[in-house]
Every structure is written in structure tokens, then in C-alpha cells.
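Have a look at the structure below before the remarks.
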Amino acid sequence: MNKSVLAITRLNLQNLNSAYLITAIATIAFSSQYVINVLVTMAGDDISGNLGLGNGWALWLLVVLAAIFIPTRHFSRIINLGGKREHYFWGSLLTYAVLACHVSLLGMVFYYALDIALIRNAGNLGDIASIPEVFGWSTHGPIVAFFQQSAFLFLLATFTHTLAAAQGKWYGWAANIAIIAIISVFTPITPLRNAEVWFFNLILFHPTALLQIAACLLLALAVYLLSKPILARKVV
């Protein structure tokens, strides 16, 4: 692989301090519910009917924030340092792949070490809405669930990156309006709502893991390619 692409990937990962900090704070905040649940239970209160959110959800912030900061903050810095737009394009894509895999792996660790081992097995600490269970990925086992989550996070990153890169231009505003229009128009109309449901089932809830993974990866690459002409015209 091109050394410049790897260098840009490292630069991206090393200069996401704000995203790391915000994600860490959110993860700690989500994790505090585990401590609170234990303390409340030790005090004799029954919270078996409570439902909390697994801290894996907080980790997704890192992917979204990175995909906002990289095209809006890192692009100019990298080009001013002598980086080429082509290398930036592929280096950023590799960055999202690395982040998606790491976030997914850590999320799976939290799921099995905390959500299942601590909350679910304890029996009286309430229940937890965990990502692998909400989307049905846990039914395929931890390894497949890891790839399913990684694929979706990769799609989420490329979509956010492309949308963030387009902001400030007419096509960025057009994209924003299109997204709002799709949500507001598709939802009330049954045939369009069915199409919307089909799409989200494909990328999130599809019972065939391989199809869900393939769909997310192909869509991610297609969406990310849309950012190439945007970045080619972007003023440094």
C-alpha cells in the first residue's frame, strides 16, 4: 500500500483528540448506569424492570465525529503539509475502516463483558438495550456480529464524511433538503414507507448476515466515491 496513504491514515487517527475525548466522556456517562444499578440493588431496591442503553451506543460517536472532523478540519491541514488529494481520499477511507473495526471490536467486548456478564446474568440489575441484540446481530455469534457492526459503521462513516464534505456548497444544501424530504415524504406514504423500511432492513436488520455486510460495504464505497469530485474542487 502507498506509504503516503498510510501516513495520512496515521495523521487522521492521531489528530482526533476532540472526537476521542467526547466519545470517552459519553462512554463513561453510559457506563455509570452499571455502577448506579449495582449500588441501587445493594441498597435493596428492585430495578429488575428497568431498561438501560449499552455503552456500545456511545462508541458510535467516535465514527460520526471522525467523519465530520476529517473532511472539515484535516483536509486543509494535510494538503497544506504537501499531501495529495488522491492520497487523502484513500487514506481517509482506510481511516474509517480502521475506526469501524476498532469501535465494533470494543463494542463487542462491552457487550459480552458488561451487558451480558454483569447485567443479564445478575438477573436483578434490570435489562440493557445492546446494539447486537437490537439489530439481531447477536443471533449469528460474536465474530459475524463484529463484521456486521463494522460494515454498518463503515457505511455510517462514509455517508457522514460525504455529507460533511459537501456542506457550504449548493449540492450540500441540496443533499440536506433531499434527506429531509425523503424522511418527511416517504414516511406517511405507505409504498414509499415500505421502501424506506426495506432499505433499513437491508443495512441493519437483514437476517442474512452476508447480504447485510455486502450491502453496507457496497453502499459505503458508492457513497464515498461521491465525495471524490467534491474534494477535487474543495478550496484549501
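The values are calculated or read from the model by the stated rules, or taken from the named source; none is laboratory data. For clarity, every value in this text was computed on a predicted model and none was experimentally measured. Neighbour counts run over all protein chains shown; Cβ positions are idealised from the backbone, glycine included.
Which ranges mark the helices (runs of 4 or more DSSP H) fully within the range 40-119 that have 3 or more residues being at pLDDT below 90 and either on the phi < 0 side of the Ramachandran plot or surrounded by 23 or more Cβ atoms within 10 Å (Cβ to Cβ) (or both)?
The qualifying helices (runs of 4 or more DSSP H) are 75-80.
So that you can scan it fast, the table gives a plain yes or no per residue for (1) of a type in the set (Ser, Thr, Tyr); (2) more than 30 Å from TRP90 (Cα to Cα); (3) touching a Lys or Arg at 6+ places or on another chain (Cβ under 8 Å); (4) exposed (fewer than 13 other Cβ atoms within 10 Å of the Cβ):
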site: ILE180; (1), (2), (3), (4): no, no, no, yes
site: SER184; (1), (2), (3), (4): yes, yes, no, yes
site: ILE189; (1), (2), (3), (4): no, yes, no, yes
site: GLU196; (1), (2), (3), (4): no, yes, no, no
site: PRO207; (1), (2), (3), (4): no, yes, no, yes
site: LEU218; (1), (2), (3), (4): no, no, no, yes
site: VAL223; (1), (2), (3), (4): no, no, no, no
site: LEU226; (1), (2), (3), (4): no, no, no, no
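Kindly establish whether GLU133 is under 19 Å from ASN55 (Cα atoms), of a type outside the set (A, V, I, L, M, F, W, C) and in a helix (DSSP H, G or I).
Criteria met by GLU133.
Can you tell me which condition TRP137 does not meet? The list is (1) at pLDDT below 95; (2) out of contact with any Asp or Glu (no Cβ under 9 Å at 6 or more places or on another chain), and all the others hold.
(1)
Does the range 173-181 contain any residue that is within 24 Å of GLU133 (Cβ to Cβ) and not acidic (Asp, Glu)?
no
Looking at (1) modelled with pLDDT under 80; (2) in contact with an Asp or Glu (Cβ under 7 Å, 6 or more places away or on another chain), which is the only condition LYS169 fails?
For LYS169, the exception is condition (2).
Based on what the data block shows, is VAL235 part of a helix (DSSP H, G or I) and β-branched (Val, Ile, Thr)?
no
Could you give every pair whose Cβ atoms fall below 8 Å, whose first residue belongs to the range 130-145 and is more than 14 Å from THR208 (Cβ to Cβ), and whose second residue is outside any helix (DSSP H, G or I) and not charged (D, E, K, R), counting only separations of at least 6 or pairs across chains?
Every condition considered, the pairs that remain are SER130/GLY54; ILE131/GLY54; SER138/SER130.
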